[in-house]
Amino acid sequence: ADTMETLQSNNYNIYFNDALAEVARFIEQGKYSRFFVLTDENTGKYCLPLLREKLGDADFDLIEINAGEESKDIDFCIGVWKMLIDFGADRKSLLINLGGGVVSDLGGFAASTFKRGIDFVHVPTTLLSQVDASVGGKTGIDIDSIKNIIGTFTQPKAVFIDYEFLKTLPARQILSGTAEMLKHGLICDAEYWSLLKESDLSQPTGEMVYKSVAIKNKVVLEDPHERNIRKSLNFGHTIGHAVETYSLINDEDSLSHGEAIAIGMICEAYLSYKKTGLSLDELNEITDVLMELYPFYQLRDEMNDELLEIMKKDKKNLSGNINCTLLSKIGQFNIDNICTSDELIESLQYYAS
Ligand code: NAD
Ligand code: ZN
């Protein structure tokens with residue numbers, strides 16, 4: 001379809017049509033001396049065979065990390081650097097990040113610092129990484145449970161989005177990505193939000209993925225370093241990140257990023273109703289859609305202090321104030337809203353009730 005063309009980003013292309021064949025074309029340019037593919041256990045198993053098939057006899061070395069957020073830390077980063085050294089990577093090497101947001105964030109960070117920076121591309125294999133993590137040039141790792149606290153703004157040389165990968169993705173991971181797609185509608189495009197809320201989101205179409213990437217790409221192109229409008233993408237993330245971190249520390253089966261962001265969007269929609277003009281009807285609509293899609297997570301009053309502590313450490317804050325991106329209506333964001341502890345607690349109680 002004519003809507004699915006290649007998107008131009010910050011000096012690189014985002015490929016959609018037959019994206020894996022584009023990877024092969026990309027590496028045949030003769031620009032690189034060596035190729036390295038970074039996977040985790042799952043993408044090594046489910047996604048690497050598809051890539052290998054397209055790459056034919058192209059020679060590459062493999063680096064594999066464990067699956068899960070725990071791998072996004074300095075120890076695994078050192079592991080990647082050491083493998084690159086052992087394999088003899090030089091400055092004309094290319095790192096191909098084949099995986100979800102953990103692989104693209106860690107791989108992008110490792111590449112952006114190795115020998116002061118080697119080129120990398122993303123082949124995102126989760127819905128979340130296709131519509132969000134692979135686009136925008138943020139790389140990073142966690143320290144303890146502080147997410148993305150160390151990182152760089154470094155653009156990939158290309159992003160290849162192939163929907164084939166979504167076929168092996170567990171349902172819960174699909175829904176994790178759907179939360180970001182719904183967010184794109186809520187902040188920028190009421191029509192897209194309406195389309196999504198009426199669709200079967202257990203199987204997002206290629207058009208929907210494309211639309212979300214187009215929204216995110218437009219925002220990051222206008223404001224690559226998050227000085228103003230890129231903050232729109234933080235809707236749901238001040239509270240969502242805190243809930244995600246809390247769950248990572250305290251729960252055996254912790255929330256996915258999208259599940260936590262869905263909770264954050266409900267709370268922050270409530271704050272939007274209180275502070276920035278979202279109507280009660282719109283608040284109810286957002287709450288109903290998200291409550292139906294995502295499992296209910298028990299927020300108890302005893303958790304509030306810890307959640308607020310986590311929010312205070314958020315790197316989005318300036319001068320110690322907790323800052324939220326809110327909505328003024330569905331399809332229109334409103335950045336830089338300072339929220340008091342009382343307001344934040346009230347919004348958590350709104351979710352809990
Ligand atoms: P993930 O990379 O951990 O992937 C989720 C799970 O799916 C993993 O177990 C993985 O092994 C598995 N998997 C991946 N592809 C698969 C496939 N095709 N088939 C079967 N299993 C597959 O997590 P994620 O949700 O993709 O990304 C979350 C991370 O992304 C977080 O660390 C978050 O901070 C980061 N993120 C970064 C940005 C950014 O702008 N850089 C934006 C959003 C999120
Ligand atoms: Zn997110």
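Sort out which residues of segment 86-104 are touching a strand residue (DSSP E or B) at 6+ places or on another chain (Cβ under 8 Å) and over 22 Å from Leu50 (Cβ atoms), and write them in order of number.
Phe87, Gly88, Ala89, Asp90, Lys92, Ser93
Pick from Ile174, Ile149: which is hydrophobic (A, V, I, L, M, F, W, C), over 25 Å from Ile310 (Cα atoms), within 16 Å of ligand 2 (Cβ to nearest atom) and surrounded by fewer than 24 Cβ atoms within 10 Å (Cβ to Cβ)?
Ile174
Sort out which residues of segment 205-224 are assigned to a loop (DSSP other than H, G, I, E, B) and either in contact with a helix residue (DSSP H, G or I) (Cβ under 6 Å, 6 or more places away or on another chain) or surrounded by fewer than 16 Cβ atoms within 10 Å (Cβ to Cβ) (or both), and write them in order of number. Full working, then the answer.
Residues of segment 205-224 that are assigned to a loop (DSSP other than H, G, I, E, B), as a first pass: 205, 223-224.
Within segment 205-224, Thr205, Asp223 meet the criteria.
I'm trying to understand the selection: among the residues of segment 316-334, which are part of a strand (DSSP E or B) and under 17 Å from His241 (Cα atoms)?
Taking segment 316-334 as the starting set, the residues that turn out to be part of a strand (DSSP E or B) are 318, 321, 323-329, 332-334.
Within segment 316-334, Leu318, Asn321, Asn323, Cys324, Thr325, Leu326 qualify.
One residue is enough: does segment 54-62 have a residue meeting the conditions within 11 Å of ligand 1 (Cβ to nearest atom) and either on the phi > 0 side of the Ramachandran plot or at pLDDT 95 or above (or both)?
Initially, segment 54-62 is screened for residues within 11 Å of ligand 1 (Cβ to nearest atom), giving none.
The answer is no, given that none of the residues of segment 54-62 is within 11 Å of ligand 1 (Cβ to nearest atom) and either on the phi > 0 side of the Ramachandran plot or at pLDDT 95 or above (or both).
List the number of the failed condition for Ser202; all other conditions in (1) buried (at least 21 other Cβ atoms within 10 Å of the Cβ); (2) away from ligand 2 (no atom under 16 Å from the Cβ); (3) among the hydroxyl-bearing types (Ser, Thr, Tyr) hold.
So Ser202 meets the others, but not (1).
Can you pull out every residue in segment 82-92 that is surrounded by fewer than 16 Cβ atoms within 10 Å (Cβ to Cβ) and touching a residue at least 12 places away in the same chain (Cβ under 8 Å)? Explain how you work it out, then say what you get.
Start the filter on segment 82-92 by keeping residues that are surrounded by fewer than 16 Cβ atoms within 10 Å (Cβ to Cβ), which leaves 82, 85-88, 90-92.
Passing the criteria: Phe87, Gly88, Asp90, Arg91, Lys92.
Is it the case, given these coordinates, that Leu95 is within 22 Å of Thr205 (Cα to Cα) and either in contact with a Gly (Cβ under 7 Å, 6 or more places away or on another chain) or buried (at least 18 other Cβ atoms within 10 Å of the Cβ) (or both)? Steps first, answer last, please.
Numbers: within 22 Å of Thr205 (Cα to Cα): no; either in contact with a Gly (Cβ under 7 Å, 6 or more places away or on another chain) or buried (at least 18 other Cβ atoms within 10 Å of the Cβ) (or both): yes.
In short, no.
Working carefully through the options Glu252, Glu268, find the one that is free of Cβ contacts under 8 Å to residues at least 60 places away in the same chain and more than 16 Å from the chain's Cα centre (by Cα).
Glu252
So Arg227 ticks every box in (1) in the same structural domain as Ser272 (by TED's automatic domain parsing); (2) buried (at least 22 other Cβ atoms within 10 Å of the Cβ) but one. Which box is left unticked?
Status for Arg227: all satisfied but (2).
Of all the residues that make up segment 133-154, how many are away from ligand 1 (no atom under 11 Å from the Cβ) and within 10 Å of Asp105 (Cβ to Cβ)?
Qualifying residue count, segment 133-154: 0.
The values are calculated or read from the model by the stated rules, or taken from the named source; none is laboratory data. As the structure is a computational prediction, the values presented were derived from the model and not from experiment. Positions of Cβ are generated from backbone atoms using ideal geometry, with glycine treated the same way; all protein chains shown enter the neighbour counts.
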